[in-house]
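Asker: Submitted below is the structure of interest, expressed as structure tokens.
The values are calculated or read from the model by the stated rules, or taken from the named source; none is laboratory data. Values in this document were obtained by computation on a predicted structure and should not be read as measured data. Reconstructed Cβ throughout: ideal geometry from the backbone, glycine too, with neighbour counts over all protein chains shown. Heads up: the accessible areas ignore ligands, DNA and RNA and are worked out on the full protein's heavy atoms, side chains in. Shrake-Rupley method; radii C 1.70, N 1.55, O 1.52, S 1.80 Å.
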Number of protein chains: 2
Amino acid sequence: MKNINDRIKEKPILGWVIFIASLVGVFALGLLASSITERRAESTLIGKVQTTIKPLEPRNEKWGENFPREFQSYYETADTTFRSKHGGGAMVDMLEEDPRLVVLWAGYGFSKDYNQGRGHAYAVDDIHNTLRTGGPMHEDEGPMPATCWTCKSPDVPRLMNELGVEEYYKGKWARHGEEVVNPIGCADCHDEKTMNLKITRPALVEAFERQGKDIQKATHQEMRSLVCAQCHVEYYFDKNLPGKEGTPYLTFPWDKGMSVEDMEAYFDEIEFSDWTHKLSRAPMIKTQHPDYELHQMGIHGQRGVSCADCHMPYKTEGGQKFTDHKIQSPLNNVANSCQVCHRESEGNLIQSVYERQDKIKETRDELEIQLVRAHVEAKKAWDLGATEAQMKAILKDIRHAQWRWDFSAASHGGSFHAPVELGRIVSTGLVKASDARLKLSKLLIELGLKGDVPYPDLSSKEKAQEFIGLPMEKLRKEKEEFKEKVLPKWKAAAEAREAGYDAK
Amino acid sequence: MKNINDRIKEKPILGWVIFIASLVGVFALGLLASSITERRAESTLIGKVQTTIKPLEPRNEKWGENFPREFQSYYETADTTFRSKHGGGAMVDMLEEDPRLVVLWAGYGFSKDYNQGRGHAYAVDDIHNTLRTGGPMHEDEGPMPATCWTCKSPDVPRLMNELGVEEYYKGKWARHGEEVVNPIGCADCHDEKTMNLKITRPALVEAFERQGKDIQKATHQEMRSLVCAQCHVEYYFDKNLPGKEGTPYLTFPWDKGMSVEDMEAYFDEIEFSDWTHKLSRAPMIKTQHPDYELHQMGIHGQRGVSCADCHMPYKTEGGQKFTDHKIQSPLNNVANSCQVCHRESEGNLIQSVYERQDKIKETRDELEIQLVRAHVEAKKAWDLGATEAQMKAILKDIRHAQWRWDFSAASHGGSFHAPVELGRIVSTGLVKASDARLKLSKLLIELGLKGDVPYPDLSSKEKAQEFIGLPMEKLRKEKEEFKEKVLPKWKAAAEAREAGYDAK
């Protein structure tokens, strides 16, 4: 067979063809290299800090000047169009969807108003608007303490720095109304110089310290969950901390562990209750949202998948890979979350999540019904003259059963994060509720009751709120007045303050 | 740079070196090819049918002559050394481990004797030895029907072929004692000509037919589960089938679906009960082992993983890949089962299985306690003169609660196969048990009871069996007499029969 040199000798034109083809090829390579370099340059330009961000800068827009992609995706948390089968981004009135909740929380703020959470961008608006915060006309009025702001805004680390942590927690919610205006954002999780992930809330750091752990030693992958764990956890306001008596100090009940039993034992030991139930008079614990705890107990957490891996997956735009800051349900972004690891169709994956949710919801609903019955039966017992001694064990059962129910109901995504654990929790709740009702059944007969205690008409939120005696008209009026007379002042004062901050 | 031809011209010896090196290389390749060919030959030899297997041949050893690897691995099911945290291969006395079971099954055979299952190789030995089959001295004696043999042996398809299916199901267990001698094996799942997987038990085919499905259209991968589903399912003996009245005809209760509620509705509709509970007099359903059903409801089943994929994974020996017929817990073979798909350490994988099992067991134990209480409280109500009308709803609750408990307890591996579904089942069982006990509590007071019904002493199997009034001494004696006088005759008769079979 002839080699290429022989062929060229025979047909010199062939040499020229090869030469020109090579030239074209090299030119094309050059174009490609140029394109890559250009993209790199763009990346560098975008990633580079251009304006200096002030320490503890609470305004997300200021950070956004240097990080437009992260900022723009963050503000997409304002999108409320997605709603999964069991809730999600949209503003759903949960009390309307399930009026039993009103009875379960009788005597507590959540019975007044409880909407399905919206995105982080609404954090401050929603706390202004909810009936739970009431209509304070002065800074020392209203039902909620200052501590309630803690998870709502990057103004909080700024304020804590200015006032000191303990001082920040003191007083009523209205006290910080002019100060807390920027919704959850950049400064909550990032260092303004290095952009490293950063824990800005003391409660998490303190909880680690009490367990003998140093949060500074957390890996970057752990931090991708821990920044979320600043808020998405079970917490309570402790008014009896040594040296801090009287201040509702935000505290995580993790000293004995993170399981539902560990935290219950913790609360029992310090005899803590969030409120006394209006019907049963049981000393209740309101579960907040033990998302981090449950995530750690599920298979994704156990295999080292972080919150950000699914709720803030990587994204590429204009040649730049960045973390999508549109924090949302992975069900609205299956391709970039689940499907990075799981080779299954989007439909199948979503179906698997729904199936877990359905199964947990089914038994949780049963527990809810048992709890409603237990509360109204306990009320009947009090009405018939039951003594504290007769009621003590019953109320403890109710407390423990509802703590378990709420643990499974309040945690966002718990039915997906740890469905087997949540199933266990609901089951143990059913046992406690059943214990309470068996004791009540005997006591009620002893107190002379004939027949059953009727189940209340809970066919609508309004009927349920009427049943527990909530003055809804008055509450709504107070809130309207607050929004009309107080809120504009807060906003104006904040604007002036922030303008001054820039001028500094 | 000089090319190789120029170099050889300078040093002719180099040409010889290259020539000899080539020769050596080609020789080595020849050796390799020979080795591969030899392995192939061995494979072909082993895979090839050498002796003709007779139709419906029940003796595993005969099949083993042609398939030594499959046969040898099958006989490893005799290995009882492995035991997982919650049981497994070894012969564990479950009534000793959990004496509550004795009370739950009062009036039914399982309260006499219930051991943790051993491998398939022991199927016939174990049914000879269990107290449940009693000590029949004649073929028309004993507590169990002939139908009980159905899942124990490849002699069953042979017998069904000889007698006809309906005739096979008639009579007492002792009737087939001389006929059924070979433990579960080859002919239960394979066609003797093609070695294709084959359904040999009519109940599964009939269940498919009633659902309008043709089992002939099942894929090979589906068959890798369906051959197991001939036995590892929920079933019952129907004595009221049209045209077959009186015959305990093996039937799967799948007509309404496979969920615990579907099958419960099926049993309720035909008013079926396996037995009447000795204490509560509730019409009970004994759940068998709904393994296939639960597997279908879990993530592995949903993603198309078959029983054989994990319980009989592929294995390579002497260059031949074959299906490991040592059917066993995948926990004893993690490397070839779980780790084929899951890139996790063996320790982590086993831990995840144990965690699921622990969580389900915890709440199932609670349900067990509630059920024991319900049975003894119901007995008390009868003792105090309760009427059928007063007890009807209570007994239905007990029936449904125990059906759910048993569904979660009787299924092998259910806590792993479908832990979320099993959690749901246990929860719904807790609700039913609690309903029963609430009604009982009121009824007992109405009937004049003061105080609580005492919980029996269930600290040992013996105490539990005494509590329900079982004549254990007598049962054991009967069994010994059977093993001494009847069993040897069965074995001798079978040997003679099989010798004749070969001579044909």
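Asker: Looking only at the stretch B:194-227, count every residue that is of a type in the set (D, E, K, R), without any contact (Cβ under 8 Å) to a residue 40 or more places away in the chain and not in a helix (DSSP H, G or I) and tell me the total.
Answerer: So the first thing to find is which residues in the stretch B:194-227 are of a type in the set (D, E, K, R), and the list is B:198, B:201, B:206, B:209-210, B:213-214, B:217, B:222, B:224.
Next cut, without any contact (Cβ under 8 Å) to a residue 40 or more places away in the chain only: B:198, B:209, B:213-214, B:217.
Right, trim to not in a helix (DSSP H, G or I) and you get B:198, B:213-214.
Result for the stretch B:194-227: 3.
Asker: Is at least one residue of the stretch A:183-192 within 20 Å of A:L131 (Cα to Cα), part of a helix (DSSP H, G or I) and among the small types (G, A, S)?
Answerer: Taking the stretch A:183-192 and keeping what is within 20 Å of A:L131 (Cα to Cα), we get A:183.
From what is left, the residues that are part of a helix (DSSP H, G or I) are none.
No, because not a single residue in the stretch A:183-192 is within 20 Å of A:L131 (Cα to Cα), part of a helix (DSSP H, G or I) and among the small types (G, A, S).
Asker: Criterion first (more than 9 Å from chain A (Cβ to nearest Cβ) and either aromatic (F, W, Y) or surrounded by fewer than 24 Cβ atoms within 10 Å (Cβ to Cβ) (or both)) does B:A378 satisfy it?
Answerer: Numbers: more than 9 Å from chain A (Cβ to nearest Cβ): yes; either aromatic (F, W, Y) or surrounded by fewer than 24 Cβ atoms within 10 Å (Cβ to Cβ) (or both): no.
No.
Asker: Among the residues of the stretch B:160-173, write down those that are buried (at least 19 other Cβ atoms within 10 Å of the Cβ) and either of a type in the set (S, T, Y) or closer than 20 Å to B:T133 by Cα (or both).
Answerer: B:Y168, B:Y169, B:K172, B:W173
Asker: Which residues, taken from the stretch A:311-330, are open to solvent by less than 40 Å² (accessible area, probe 1.4 Å) and in contact with a helix residue (DSSP H, G or I) (Cβ under 6 Å, 6 or more places away or on another chain)?
Answerer: Within the stretch A:311-330, A:G319, A:Q320, A:F322, A:D324, A:H325, A:K326, A:P330 meet the criteria.
Asker: Okay, moving on. Show me the helices (runs of 4 or more DSSP H) found entirely inside the stretch B:394-504 where at least 3 residues are of a type outside the set (G, A, S), touching a helix residue (DSSP H, G or I) at 6+ places or on another chain (Cβ under 7 Å) and open to solvent by less than 60 Å² (accessible area, probe 1.4 Å).
Answerer: B:419-446, B:472-481
Asker: Kindly indicate whether A:E245 is of a type in the set (D, E), touching a residue at least 60 places away in the same chain (Cβ under 8 Å) and surrounded by fewer than 20 Cβ atoms within 10 Å (Cβ to Cβ). Spell out how you get there, then give the answer.
Answerer: Working: of a type in the set (D, E): yes; touching a residue at least 60 places away in the same chain (Cβ under 8 Å): no; surrounded by fewer than 20 Cβ atoms within 10 Å (Cβ to Cβ): yes.
No, not satisfied.
Asker: Next up: Quickly run through the stretch B:316-335 and pick out the residues that are in contact (Cβ under 8 Å) with a residue 40 or more places away in the chain and closer than 23 Å to B:N348 by Cα.
Answerer: If we filter the stretch B:316-335 for residues that are in contact (Cβ under 8 Å) with a residue 40 or more places away in the chain, which is where we start, we get B:317-320, B:322-329, B:331-332.
Within the stretch B:316-335, B:I327, B:Q328, B:S329, B:L331, B:N332 meet the criteria.
Asker: Given the criteria free of Cβ contacts under 8 Å to residues at least 24 places away in the same chain and not in a loop (DSSP other than H, G, I, E, B), does B:E166 qualify?
Answerer: Values: free of Cβ contacts under 8 Å to residues at least 24 places away in the same chain: no; not in a loop (DSSP other than H, G, I, E, B): yes.
Judged against the criteria, B:E166 is not a match.
Asker: Another question, then. What is the one condition in (1) within 30 Å of B:G385 (Cα to Cα); (2) not in a helix (DSSP H, G or I) that B:E264 does not satisfy?
Answerer: The single condition B:E264 does not satisfy is (2).
Asker: Right, next: Do you know which of the residues in the stretch B:269-299 that are within 14 Å of another protein chain (Cβ to nearest Cβ) and within 18 Å of the chain's Cα centre (by Cα) is surrounded by the fewest Cβ atoms within 10 Å (Cβ to Cβ)? It would help to see each step written out before you state the result.
Answerer: Initially, the stretch B:269-299 is screened for residues within 14 Å of another protein chain (Cβ to nearest Cβ), giving B:294, B:296-299.
Imposing the further condition that a residue be within 18 Å of the chain's Cα centre (by Cα) reduces the set to B:294, B:296-298.
Working: B:L294: 30, B:Q296: 17, B:M297: 23, B:G298: 20.
Top of the filtered list is B:Q296.
Asker: May I pose another question? Which pairs turn up if I take residues in the stretch A:248-272 that are free of Cβ contacts under 8 Å to residues at least 24 places away in the same chain and farther than 16 Å from A:T428 by Cβ and look for partners that are aliphatic (A, V, I, L, M) and part of a helix (DSSP H, G or I) with beta carbon separation below 8 Å, at least 6 apart in sequence or on another chain?
Answerer: Filtered contacts from the stretch A:248-272: A:P253/A:M263; A:K256/A:M263; A:K256/A:A265.
Asker: Here is a list of conditions, (1) more than 9 Å from chain B (Cβ to nearest Cβ); (2) open to solvent by less than 50 Å² (accessible area, probe 1.4 Å), and A:E388 meets all of them except one; can you say which number that is?
Answerer: Exception for A:E388: condition (2).
Asker: Let me spell it out: the conditions are (1) more than 11 Å from chain B (Cβ to nearest Cβ); (2) more than 21 Å from B:A418 (Cα to Cα); (3) at pLDDT 95 or above; (4) surrounded by fewer than 19 Cβ atoms within 10 Å (Cβ to Cβ), and A:I369 meets all of them except one. Which number is the exception?
Answerer: Answer for A:I369: the failing condition is (1).
Asker: Filter the helices (runs of 4 or more DSSP H) completely within the stretch A:89-145 down to those with at least 2 residues that are open to solvent by 20 Å² or more (accessible area, probe 1.4 Å) and either in contact with a Lys or Arg (Cβ under 8 Å, 6 or more places away or on another chain) or within 20 Å of A:W275 (Cβ to Cβ) (or both). Show your work before the answer.
Answerer: Working: elements: A:94-97, A:100-104, A:123-129.
In the stretch A:89-145, the matching helices (runs of 4 or more DSSP H) lie at A:94-97, A:123-129.
Listed here are the residues, each with its yes/no results for (1) under 19 Å from the mean Cα position of the chain (by Cα); (2) on the phi > 0 side of the Ramachandran plot.
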{"residue": "B:P99", "(1), (2)": "no, no"}
{"residue": "B:V103", "(1), (2)": "no, no"}
{"residue": "B:G107", "(1), (2)": "no, yes"}
{"residue": "B:S111", "(1), (2)": "no, no"}
{"residue": "B:A121", "(1), (2)": "yes, no"}
{"residue": "B:V124", "(1), (2)": "yes, no"}
{"residue": "B:I127", "(1), (2)": "yes, no"}
{"residue": "B:P143", "(1), (2)": "no, no"}
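Asker: In the stretch A:335-347, how many are open to solvent by 70 Å² or more (accessible area, probe 1.4 Å) and either among the acidic types (D, E) or in a helix (DSSP H, G or I) (or both)?
Answerer: Selection size over the stretch A:335-347: 2.
Asker: Sticking with this structure for a sec: Considering only residues that are of a type in the set (A, V, I, L, M) and over 14 Å from the mean Cα position of the chain (by Cα), look in the stretch B:313-336 and name the one that is nearest to B:W405 (Cα to Cα).
Answerer: From the stretch B:313-336, those of a type in the set (A, V, I, L, M) are B:327, B:331, B:334-335; that's our starting set.
Okay, now just the ones that are also over 14 Å from the mean Cα position of the chain (by Cα), so B:331, B:334-335.
Working: B:L331: 25, B:V334: 29, B:A335: 33 Å.
Checked the stretch B:313-336; the qualifying residue nearest to B:W405 (Cα to Cα) is B:L331.
Asker: Of all the residues that make up the stretch A:196-227, how many are open to solvent by less than 40 Å² (accessible area, probe 1.4 Å) and not aromatic (F, W, Y)?
Answerer: Initially, the stretch A:196-227 is screened for residues open to solvent by less than 40 Å² (accessible area, probe 1.4 Å), giving A:199-204, A:207-208, A:215, A:218, A:223-227.
Now restrict to residues that are not aromatic (F, W, Y): A:199-204, A:207, A:215, A:218, A:223-227.
Residues flagged as open to solvent by less than 40 Å² (accessible area, probe 1.4 Å) and not aromatic (F, W, Y) within the stretch A:196-227 amount to 14.
Asker: Which one of these does A:T247 not meet: (1) in contact with a Phe, Trp or Tyr (Cβ under 6 Å, 6 or more places away or on another chain); (2) within 14 Å of chain B (Cβ to nearest Cβ)?
Answerer: With (1) in contact with a Phe, Trp or Tyr (Cβ under 6 Å, 6 or more places away or on another chain); (2) within 14 Å of chain B (Cβ to nearest Cβ) applied to A:T247, the lone miss is (2).
Asker: If I ask for residues that are in contact (Cβ under 8 Å) with a residue 12 or more places away in the chain and under 21 Å from B:E362 (Cβ atoms), which ones from the stretch A:432-467 would you list?
Answerer: Matches in the stretch A:432-467: A:K432, A:A433, A:S434, A:D435, A:A436.
Asker: Now for a different question. Which residue pairs have Cβ atoms closer than 8 Å, lie 6 or more positions apart in sequence or on different chains, and pair a first residue in the stretch A:351-364 that is within 8 Å of chain B (Cβ to nearest Cβ) with a second residue that is in a helix (DSSP H, G or I) and open to solvent by 50 Å² or more (accessible area, probe 1.4 Å)?
Answerer: The qualifying pairs are A:S352/B:I299; A:S352/B:Q302; A:R356/A:F416.
Asker: Let me ask something additional. Looking only at the stretch B:415-456, count every residue that is within 18 Å of A:K450 (Cα to Cα), at the interface with chain A (Cβ under 9 Å from one of its Cβ atoms) and not charged (D, E, K, R) and tell me the total.
Answerer: Total meeting the criteria: 3.
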